[in-house]
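Worksheet for the structure shown next.
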Amino acid sequence: MTGTGCRIGEAAALTEADIDFENRMVTVDKSLQYHDLRIDEYYENTIKTEAGERVEELPGFAIDALKRVIIRNKVFDEHMADFPGGRLSCF
């Protein structure tokens, strides 16, 4: 968020496909919305205005942070596949 000025919902809706690591760019074109802060009621929506849709250049620290998050998420997904409902001993 600091590197791009993304709002919380915009940052939460980003996927790996939205990030161009080679050119250090991110496409912001959706937002994660919620109703009454209930996790089962989160949904993806478009940005509120066309002007809000944008492609932003990512600074080096943001690229590094995103790469770490992607790796961490893959490790977490693998752990949950191996131990569904189990303890998170590696985190």
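The values are calculated or read from the model by the stated rules, or taken from the named source; none is laboratory data. Everything numeric in this text was worked out from a predicted model, so none of it was measured. In this analysis, Cβ positions are derived from the backbone assuming ideal geometry, glycine residues included, and neighbour counts consider all displayed protein chains.
Observations, loosely collected:
- E56 being at pLDDT 85 or above, acidic (D, E) and either surrounded by 11 or more Cβ atoms within 10 Å (Cβ to Cβ) or in a loop (DSSP other than H, G, I, E, B) (or both): yes
- Filtered by the rule that a residue be in a helix (DSSP H, G or I) and either within 13 Å of the chain's Cα centre (by Cα) or closer than 20 Å to K67 by Cα (or both), the stretch 1-41 gives I8, G9, E10, A11, A12, A13, E16, A17, D18.
- When the criteria are applied in full, E44 fails the requirement of being of a type outside the set (G, A, S), assigned to a helix (DSSP H, G or I) and either in contact with a helix residue (DSSP H, G or I) (Cβ under 9 Å, 6 or more places away or on another chain) or under 15 Å from I70 (Cβ atoms) (or both).
- Residues in the stretch 59-71 that are of a type outside the set (G, A, S) and assigned to a helix (DSSP H, G or I): F61, I63, D64, L66, K67, R68, V69, I70, I71.
- Scanning the stretch 8-47 for residues that are buried (at least 16 other Cβ atoms within 10 Å of the Cβ) and among the basic types (K, R) yields a single hit, K30.
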